[in-house]
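Each remark here refers to the structure printed beneath this line.
Bear in mind these aren't lab numbers, they're just calculated from the coordinates by the rules spelled out. Since we're looking at a predicted model, the values are computed, not measured. Note that we place each Cβ from the backbone using ideal geometry, even for glycine, and neighbour counts take in every protein chain shown.
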Amino acid sequence: FTEVAGIYPITPSSPMADVVDQWSAAGRKNIFGNTVKVTEMQSEAGAAGTVHGSLAAGALTTTFTASQGLLLMIP
């Protein structure tokens, strides 16, 4: 369902990011037959930057966050 996942662990969304990270590490393929590129960032802003950059480059991208994390992603 995605090509790139920019993640930053934040409760309650951490389990979703952990699953994608485990699937990527195990070599599990997405629906396009590719392994998802997971990038764990040091902040919510970093995850937002990863999402913005990879979307601008044309990749299908996702991130997982909570309401508090979303507020920290807004510049």
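Note on segment 36-47: residues that are in a helix (DSSP H, G or I), hydrophobic (A, V, I, L, M, F, W, C) and in contact with a Ser or Thr (Cβ under 8 Å, 6 or more places away or on another chain) amount to 1.
Taken over segment 4-35, the residue count meeting the criterion of being outside any helix (DSSP H, G or I) and in contact (Cβ under 8 Å) with a residue 40 or more places away in the chain is 9.
Would you confirm whether any residue within segment 18-34 is among the aromatic types (Phe, Trp, Tyr) and within 9 Å of the chain's Cα centre (by Cα)?
no
Evaluate the following for residue 59: is it assigned to a loop (DSSP other than H, G, I, E, B) and either in contact with a Cys (Cβ under 9 Å, 6 or more places away or on another chain) or of a type outside the set (S, T, N, Q) (or both)? For residue 59, the condition - assigned to a loop (DSSP other than H, G, I, E, B) and either in contact with a Cys (Cβ under 9 Å, 6 or more places away or on another chain) or of a type outside the set (S, T, N, Q) (or both) - is met. Take the conditions (1) closer than 17 Å to residue 1 by Cβ; (2) in contact (Cβ under 8 Å) with a residue 60 or more places away in the chain; residue 69 misses just one of them, which is (1). For residues that are closer than 12 Å to residue 8 by Cα and either surrounded by 15 or more Cβ atoms within 10 Å (Cβ to Cβ) or touching a Cys at 6+ places or on another chain (Cβ under 6 Å) (or both), tally how many sit in segment 21-44. Total satisfying the criteria: 5.
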